[in-house]
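Reading through the structure tokens given below for one structure.
The values are calculated or read from the model by the stated rules, or taken from the named source; none is laboratory data. None of the values given here were measured: they were computed from a predicted structure. Cβ atoms come from the backbone with ideal geometry, glycine included; neighbour counts cover every protein chain shown.
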Amino acid sequence: MSATDEWVRGGPRETGAEPPGAFTRALAPFAAELAELRPEGAELCDIHTHLGADEDGRSLTLDALLENLDQGGVRRACVFPLHDPDRHPAYRVPNDRVLGWAGESEGRLSPFCRLDPNEDPVAEGERCLAAGAEGIKLHPRAQAFAFDVPEMDAIFGLAEDAQAPLLIHMGRGMPPVADGLCALAERHPGVRLVLAHAAVADQGVITARLRDHPGIFYDTSVWSATDLMELFARTSPDRIAFGSDPPYGRTFAGLYLALRTVRAVGGSPEDAAAVAGGAAAALLARGELPPPRPPLGEKVRPRHGTLQRISGYGMQAFGSLFVERFDLAAEMLELAVAATRDPEPGSDEVAETLARLGESLRASADLMRDPDTGFFGAGLLHLSLTLAGTTA
Ligand SMILES: [Zn+2]
């Protein structure tokens, strides 16, 4: 299987193959910038990672996850099973595997158990919490459940009593779920939720309706900085926790996105520390939570025209990857590279950003043309989109 096939079907390669030189060279400026963005002295935690195997063909081993965290300079992570073929009954086997791997991680991984509301969820949740699970994960799409069923009240009650964080998939592939979810959260004022993927499945309704609920958190695992900037404009910065969703995302790129966005919305070093690890630490401590603070940034955010064009082409390239059209993605990236050639950038910051984008998007397009290196091109595209989307 080529590396590109693996990216589409199978997630990050685990072959140990050396990344191509063009990728390493293009990555260097992002690594240097990430080192500067990193909040000093803070312990970083990726709140959304997986281990094991998924029915869609993706998988991640303990060693590969720890290496992925190391690449991002992140020590801690919360970890839970994938949509595992061995999940029946009740996710017991994948939950035990994750508990075991976390035990081998020298304190780096906080295990969450995954529950299926249709398969005795409370008994399995109690069993896992007693065995050391520090939180619970629910996936309404994969497990095909709604929020207005009695089992969900029982799961929320269990999490509320244990003060254990309950992380719920709120990304693509779902019908509007806000009404059921919000009613449930309102019936459980003590519950601590982490709504994954910036709750893009219903972000507007959820952030508005649950604004005064003290225990609502969001994670940052999205493709586009636009989704994240809007989240910051709608909720307290200390309720937003960095997450990257490996094997689907990478910790390095996810951390870069989270920290660039904090800076773009005018966040302080304290806000950066809260997002990068403080919010996760507060949840895992299961103690009192500080009251939510006012949101950051403005609802209306002016954008530089050239950067906006680049972002548009970049998102179209990203969409092409989902239908395995790497050739079309490369073509869209040629337009993005062309847009970086602007003799009238308007400011030094934009001029410097355009120069960097010219390099990274060129490398991304070239890597995407070769099936063996397309995976690396996709990684550079995500980083480039973040850079373009968070420069004013
Ligand atoms: Zn996930």
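Annotations for the structure displayed:
- Residue count for the range 141-170 satisfying the condition of being surrounded by fewer than 21 Cβ atoms within 10 Å (Cβ to Cβ), over 18 Å from Glu119 (Cβ atoms) and of a type in the set (Gly, Ala, Ser): 1.
- Count - residues of the range 270-292 that are within 23 Å of Arg260 (Cβ to Cβ) and among the charged types (D, E, K, R): 2
- Long-range neighbours under 9 Å by Cβ, at least six apart or interchain, first residue on the phi > 0 side of the Ramachandran plot within the range 109-127, second small (Gly, Ala, Ser): Asp120/Ala90
- Screening Ala130 with (1) touching a Leu at 6+ places or on another chain (Cβ under 8 Å); (2) away from the ligand (no atom under 16 Å from the Cβ) gives one miss only, at (1).
- Residue among Pro165, Pro189 that is in contact (Cβ under 8 Å) with a residue 24 or more places away in the chain and either in contact with a Pro (Cβ under 8 Å, 6 or more places away or on another chain) or among the hydroxyl-bearing types (Ser, Thr, Tyr) (or both): Pro189
- Selection status of Pro140, away from the ligand (no atom under 16 Å from the Cβ) and either modelled with pLDDT under 95 or part of a strand (DSSP E or B) (or both): no
- Residues located in the range 283-337, provided they are at pLDDT below 95 and on the phi > 0 side of the Ramachandran plot: Gly297, Glu324
- Residue that is under 21 Å from the mean Cα position of the chain (by Cα), of a type outside the set (A, V, I, L, M, F, W, C) and more than 16 Å from the ligand (Cβ to nearest atom), where the choices are Glu104, Glu55, Glu67, Glu40: Glu67
- Test: residue in the range 133-140 that is buried (at least 23 other Cβ atoms within 10 Å of the Cβ), in contact with a His (Cβ under 8 Å, 6 or more places away or on another chain) and among the β-branched types (Val, Ile, Thr): no
- Test set (1) in the same structural domain as Asp238 (by TED's automatic domain parsing); (2) within 30 Å of Glu270 (Cα to Cα); (3) touching a Leu at 6+ places or on another chain (Cβ under 6 Å) - Trp101 fails condition number: (2)
- When residues of the range 346-392 are limited to those that are of a type in the set (D, E, K, R) and in a helix (DSSP H, G or I), the one farthest from Gly21 (Cα to Cα): Asp348
- Close pairs (6 angstrom Cβ cut-off, 6 or more residues apart or separate chains): touching a residue at least 24 places away in the same chain (Cβ under 8 Å) and among the β-branched types (Val, Ile, Thr) in the range 43-58, more than 14 Å from the ligand (Cβ to nearest atom) and not in a loop (DSSP other than H, G, I, E, B) anywhere: Ile47/Ala280
- Residues satisfying the criterion are absent from the range 231-247 (criterion: within 15 Å of the chain's Cα centre (by Cα), at negative phi, acidic (Asp, Glu) and in the same structural domain as Leu109 (by TED's automatic domain parsing)).
- Residue check, Ala317 within 23 Å of the chain's Cα centre (by Cα) and either farther than 30 Å from Ile47 by Cα or surrounded by fewer than 22 Cβ atoms within 10 Å (Cβ to Cβ) (or both): no
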